[in-house]
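Chemist: Can you read through this structure? Questions will come right after.
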Amino acid sequence: MGYTKRQFIEEAYGEIGMASYVFDLDVDVLQRALRRLDSMMAEWNGRGIRLGYPLPASPDDSDLDEPAQVPDWANEAIILNLAVRLAPGHGKTVSPQTLFAAKNAKDGVMARSAMPSEVQLAGLPRGAGAKSHDAPFLPSPTAPLTAGPDSELEFL
């Protein structure tokens, strides 16, 4: 079972020295942190880092106790990067070690979730054995299939 959104937030506050056993995290603070978590994950989603995090339709639709549904290997990156984003709002400075670890963890997530885009070759000569007298070059590329999380794909 993975982390809930609340657990990510509590771990991030623990990273900046505001753990719930020392400071009382009231509902307003948790809701602000939840909006920051949702916006960070939406930004990552827009950059192509799609981890399965359930993005809400509006900030009011998000639930603290909802499972985050992200792979375990991404937990550290989410916690540390959320801590980096939350710290300035509380007058905290993040340690250089946390900044370094956050960057390394995010780079690891990016490397693991990066998918190179497919490229169709066109205008290049065909290889040996594939030449014909009427088509010595590769054909023009076909239109790519574009279907993202916001579009529909119909099968006929």
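Chemist: Quick check on ALA33: is it surrounded by 14 or more Cβ atoms within 10 Å (Cβ to Cβ), more than 15 Å from ASP107 (Cα to Cα) and touching a Pro at 6+ places or on another chain (Cβ under 8 Å)?
Modeler: When the stated conditions are applied, ALA33 does not pass them.
Chemist: Of all residues being modelled with pLDDT under 90 and open to solvent by less than 40 Å² (accessible area, probe 1.4 Å) in region 3-28, which is nearest to ASP60 (Cα to Cα)? Just the residue, please.
Modeler: For region 3-28, the residue satisfying everything is LEU25.
Chemist: Check off (1) within 15 Å of GLY17 (Cα to Cα); (2) open to solvent by 40 Å² or more (accessible area, probe 1.4 Å) for ASP60 and give me the number that stays unchecked.
Modeler: Looking at each condition in turn, ASP60 falls short on (1).
Chemist: Next question, about the same structure. Against the definition (in contact (Cβ under 8 Å) with a residue 40 or more places away in the chain and open to solvent by less than 80 Å² (accessible area, probe 1.4 Å)), how does ALA74 come out, yes or no?
Modeler: Spelling it out, it is not the case that ALA74 is in contact (Cβ under 8 Å) with a residue 40 or more places away in the chain and open to solvent by less than 80 Å² (accessible area, probe 1.4 Å).
Chemist: Restricting attention to region 42-55, does a residue exist that is out of contact with any strand residue (DSSP E or B) (no Cβ under 8 Å at 6 or more places or on another chain), modelled with pLDDT under 90, assigned to a loop (DSSP other than H, G, I, E, B) and open to solvent by 80 Å² or more (accessible area, probe 1.4 Å)?
Modeler: yes
The values are calculated or read from the model by the stated rules, or taken from the named source; none is laboratory data. Keep in mind the model is a prediction, meaning the values are calculated, not measured. Here Cβ is always computed from backbone atoms with ideal geometry, including for glycine, and neighbour counts include all displayed protein chains. For the accessible areas, the whole protein counts, side chains as well, though only heavy atoms, and no ligand, DNA or RNA atoms are used. Shrake-Rupley method; radii C 1.70, N 1.55, O 1.52, S 1.80 Å.
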